[in-house]
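So the structure is just underneath, and the comments pick up after that.
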């Protein structure tokens, strides 16, 4: 197995780890940002586990950009570097901020009445804003990756096009999420695409260059 195919399989595994950790974080947090306060008071252990899964998701997905960079830069160095910046740095930063925010809410709920704390504008609204920013940063990074994959033909083009279209929908969802709650089903096309891509990378790896 050559280096590129080892990279492809590693990326596939990291995508699965990140997605599973993300799903488990939602399961344990039961978390929609606007309802976080009510959930945390009675489920502090679950919230702590949920925060751990957020961090696992953050660092596993950040590693995707680092591991794929040596392959991606040979096709488009600017997009490859942009993907590292958005997914490896900015997205990871937003997940860490999310984890810190959740800890602040959790610690505050131990000392302040939930009803009173829920009316505090800064922390009660911060979760919604962080969530929306994370969605936008994530989708911009995803657009860079899928455009690069489309141009390079490292994956079948139908899979890259699926990723591009789903990333655009994700981006629009993140933007509109600043103004109103958006149904999470709109995020499913990209989640499904990433799992299909992960399995493809593990089984088949990258397409070999055709010259």
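The values are calculated or read from the model by the stated rules, or taken from the named source; none is laboratory data. Given the structure is predicted, the values throughout are model-derived calculations rather than measurements. So basically every Cβ, Gly included, is an ideal-geometry build from the backbone, and we count neighbours across all protein chains shown.
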Qualifying residue in segment 113-123 (condition: buried (at least 17 other Cβ atoms within 10 Å of the Cβ), in a helix (DSSP H, G or I) and either modelled with pLDDT of 90 or more or within 17 Å of the chain's Cα centre (by Cα) (or both)): no
Name the residues in segment 161-202 that are over 24 Å from residue 14 (Cα atoms) and in a helix (DSSP H, G or I), would you? 172, 173, 175, 176
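Would it be correct to say that residue 54 is part of a helix (DSSP H, G or I) and surrounded by fewer than 21 Cβ atoms within 10 Å (Cβ to Cβ)? Before the answer, list the steps.
Details: part of a helix (DSSP H, G or I): yes; surrounded by fewer than 21 Cβ atoms within 10 Å (Cβ to Cβ): no.
So residue 54 does not fit the description; no.
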Kindly provide the set of residues from segment 147-160 that are under 21 Å from residue 77 (Cβ atoms) and part of a helix (DSSP H, G or I), ordered by number. 147, 148, 149, 150, 151, 152, 160
I'd like to know if segment 124-139 contains one or more residues that are at pLDDT below 95, more than 27 Å from residue 179 (Cβ to Cβ), surrounded by 14 or more Cβ atoms within 10 Å (Cβ to Cβ) and out of contact with any strand residue (DSSP E or B) (no Cβ under 9 Å at 6 or more places or on another chain). no
For residue 101, work out the one condition from (1) more than 14 Å from the chain's Cα centre (by Cα); (2) surrounded by fewer than 20 Cβ atoms within 10 Å (Cβ to Cβ); (3) closer than 23 Å to residue 13 by Cβ it doesn't fulfil. (3)
Output for Cβ contacts, cut-off 8 Å, separation at least six or different chains, first residue in contact (Cβ under 8 Å) with a residue 60 or more places away in the chain in segment 162-189, second part of a loop (DSSP other than H, G, I, E, B) and surrounded by 14 or more Cβ atoms within 10 Å (Cβ to Cβ), reads 181/32
